[in-house]
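Have a look at the structure below before the remarks.
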Amino acid sequence: MTKTVNHWIGGKTVEGASGNWGPVTDPATGEVTTRVALASVEEVDAAVSAASQAYATWGTSSLAQRTAVLFRYRALLDARRDDIAALITAEHGKVHSDALGEVARGLEIVELACGITTQLKGELSTQVSHRVDVAAIRQPLGVVAGITPFNFPAMVPMWMFPLAIACGNTFVLKPSEKDPSAANLLAELAAEAGLPDGVLNVVHGDKVAVDALLAHPDVAAVSFVGSTPIARYIHTTASANGKRVQALGGAKNHMLVLPDADLDAAADAAVSAAYGSAGERCMAISAVVAVGAVGDELVEKIRERAEKIKIGPGNDPASEMGPLITAAHRDKVASYVKGAADQGAEVVLDGTGLRVDGFEDGHWIGLSLLDKVSTDSDAYRDEIFGPVLCVLRAETYEEGVALINASPFGNGTAIFTRDGGAARRFQLEIEAGMVGVNVPIPVPVGYHSFGGWKDSLFGDHHIYGNDGVHFYTRGKVVTTRWPDPADAPAGVDLGFPRNH
């Protein structure tokens, strides 16, 4: 029997009323297992209205009240992490261990939100002039919205709403309609933790729901994670409607391998970073730049490791990589591999013909490795978002850095070397927001902020960390002068005695 996923508005499940439904498939079988309600403009209005009503009290609640809820929420998430991961595997397809890792990284931001009391401390300068003090404080924005992608259906929402509500805002989440169930469970657990009705709402939908949030006059800010074209659209549209916007886009993350690098470690890292989560992550390494004469040996080591990766259903403990999210996405990823040879690349591994016994209708694709890829080929220029690794060649460190910096994306990058001087130059010279030194996926811990440069980020704030707190609050400066009690007029005076 097909499951139905409805909206979560005002602290309860609200059945979809638009008459529009979206299919949710099990990527391992290709079977439609769930239908998800697609919100109308009126249903988005209802969610925003619930959030607006809740803000009247939540926005002025004490920090102690907010953090008490968040501590209970963190405990419930920890206890139910297997259940959350199982929903991710069922609808996204990633293996269970990978889904558990996603939940753990989301929990980091919940833990950051639990410590919001120190993050929201203001500043005070006394006696800036005679009897004049100046204080700087931060206050919540009101109703804020999050629009999140399919590849991390639990982690990316948890990068947004825990921090937003800790800062005193109320939240409307529009998760991906491809894997919606995890978002509803996150909201239900928040209610169980004692979060007041309406503080966190979930509306499912497509472009209709997105556009309604971008245009709604009661939504003060929008957070987004997804592809660069949509990030640009979100930023342009929401900004035109007077909203604060934080829109994280796509990536083409490079890994520069110098001749002195430990090639076994570099090969391990390349395979893990390129093919983990089936390459469906914005921090995946999708381009390795081999410097000097190490290219042939490095490619061979990557090939040897990639051929051993076990691909199968995400709920099979033996599986190391699962299927792609949809058949259409699988076919698009395969097209890049098939077209690479025509554009001059050497196809070392072609995973497009993979089939998994017993799961013939699943969205399967194997690992592909393309060598000697040119910078003007489609496989290099586009964000493929699948298990395809391109290897490019450079003669020198300088040539490799120039190649990377010429990319329109600037999300993350890494260098593999034993040379500290080269690593130091790289972290200063490279044009990307996140840099790894012998670390292939440099996703910052929760108390630092995540975000790229160039076409990988639209807006002024990175996500979570200090930037996240600043995004979900606005500053206010208060200048005060109080008369001294000794200056009171003659007559009844219950203040300080005149002793000067």
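With contacts defined as alpha carbon pairs under 8 Å and 6 or more residues apart, what's the relative contact order of the chain in percent?
18
For LEU195, enumerate residues with amide H under 5 Å from its amide H, sequence gap 5+ or separate chain, H modeled in the peptide plane.
none
Where both residues lie in the range 22-176, what percent of DSSP beta bridges are antiparallel, nearest 5?
Beta bridges within the range 22-176, antiparallel portion: roughly 65 percent.
Under 1.5 on a/c is rounded, so check that first for the range 183-332, then, if it is not, pick prolate when a/b is larger than b/c and oblate when it is not; a ≥ b ≥ c are the square roots of the alpha carbon gyration tensor eigenvalues.
Prolate.
Counting alpha carbon pairs within less than 8 Å and at least 6 residues apart, what relative contact order, in whole percent, applies to the range 76-134?
22
With label points built 7 Å along Cα→Cβ from the Cα atoms of VAL445 and THR396, find their separation and express it in nm.
It works out to 3.9 nm between the two label points.
Just the number, please: carbon plus sulfur as a percent of the accessible area of the chain, 1.4 Å probe, no ligands or DNA/RNA counted.
Exposed carbon and sulfur together represent 53 percent of the surface.
Gain in length, ASP83 to GLU123, computed as 0.36 nm per residue apart minus the alpha-carbon separation, to one decimal in nm?
Stretched fully, the ASP83-GLU123 segment lengthens by 10.2 nm.
Rounded to the nearest 0.05, what FRET efficiency is calculated for ALA56 and ALA136 with R0 set to 30 Å and r the Cβ-Cβ distance?
The formula returns an efficiency of 0.75 here.
Can you tell which of ALA306, GLY106, PRO229 lies farthest toward the positive end of the dipole of the chain, using +1 and -1 charges on the Cβ of basic and acidic side chains (Lys, Arg; Asp, Glu)?
In the chain, that residue is GLY106.
Using 0.36 nm per residue of separation minus the Cα-Cα distance, give me the extension gain between GLU300 and LYS372 in nm, one decimal.
Additional length available on full extension: 24.6 nm.
Going toward the positive end of the dipole of the chain, with +1 on Lys and Arg Cβ and -1 on Asp and Glu Cβ, which of MET158, LEU263, SER125 do you reach last?
Checked the options; the winner is SER125.
In what sequence, highest mean first, do 388-401, 265-278, 130-143, 160-173 appear when ranked by Cβ atoms within 10 angstrom?
Packing order, densest peptide first, comes out as 160-173, 265-278, 388-401, 130-143.
Is the chain best put as rounded, prolate or oblate by its Cα gyration tensor, with a ≥ b ≥ c the root eigenvalues, rounded for a/c under 1.5, and otherwise prolate when a/b is larger than b/c, oblate when not?
Because a/c hits 1.5 or more and a/b fails to exceed b/c, the chain counts as oblate.
TYR233 accessible area, nearest 10 Å², 1.4 Å probe?
80
Just need the relative contact order of the range 93-177 here, percent rounded to a whole number, with Cα pairs under 8 Å and 6+ apart.
34
Relative to the longest principal axis of the chain, what angle (0 to 90°, nearest 10) does the C-alpha long axis of helix 81-92 take?
So the helix axis and the longest Cα principal axis differ by about 50 degrees.
Provide the packing ranking of 236-244, 179-187, i.e. peptides ordered by the mean count of other C-beta atoms within 10 Å per residue, highest first.
Top to bottom by mean Cβ count within 10 Å: 179-187, 236-244.
Please determine, in degrees from 0 to 90 and to the nearest 10, the orientation of helix 295-306 with respect to the longest principal axis defined by the Cα atoms of the chain, where the helix direction is its Cα long axis.
Once rounded, one gets 80 degrees.
Label points 7 Å out from Cα along the Cβ direction at ASP211 and GLU31: separation in nm?
Reported label-point gap for ASP211 and GLU31 is 3.6 nm.
Any idea how far the Cα center of the range 123-151 sits from the one of the range 297-364, in Å?
Cα centres, the range 123-151 to the range 297-364: 48 Å.
Can you give me the C-alpha center-to-center distance between the range 229-296 and the range 1-73, rounded to a whole angstrom?
Taking the Cα centre of the range 1-73 as reference, the centre of the range 229-296 is 31 Å away.
If amide H atoms are built 1.01 Å from N in the plane of the peptide, which residues on other chains or at least 5 residues away come under 5 Å of the amide H of ILE9?
VAL14, VAL202
Under a Cβ-Cβ cut-off of 15 Å, what is the net charge of the residues other than PRO444 that fall near it, where Lys and Arg count +1 and Asp and Glu count -1?
-1
Please give the helix 181-192 orientation as an angle from the longest Cα principal axis of the chain, in degrees from 0 to 90, rounded to the nearest 10.
Once rounded, the angle reads 30 degrees.
The values are calculated or read from the model by the stated rules, or taken from the named source; none is laboratory data. Predicted model only: the values in this text are computed from it and were never measured. In this analysis, Cβ positions are derived from the backbone assuming ideal geometry, glycine residues included, and neighbour counts consider all displayed protein chains. We work out accessible area using only protein heavy atoms, side chains counted, and drop any ligands, DNA or RNA first. Shrake-Rupley method; radii C 1.70, N 1.55, O 1.52, S 1.80 Å.
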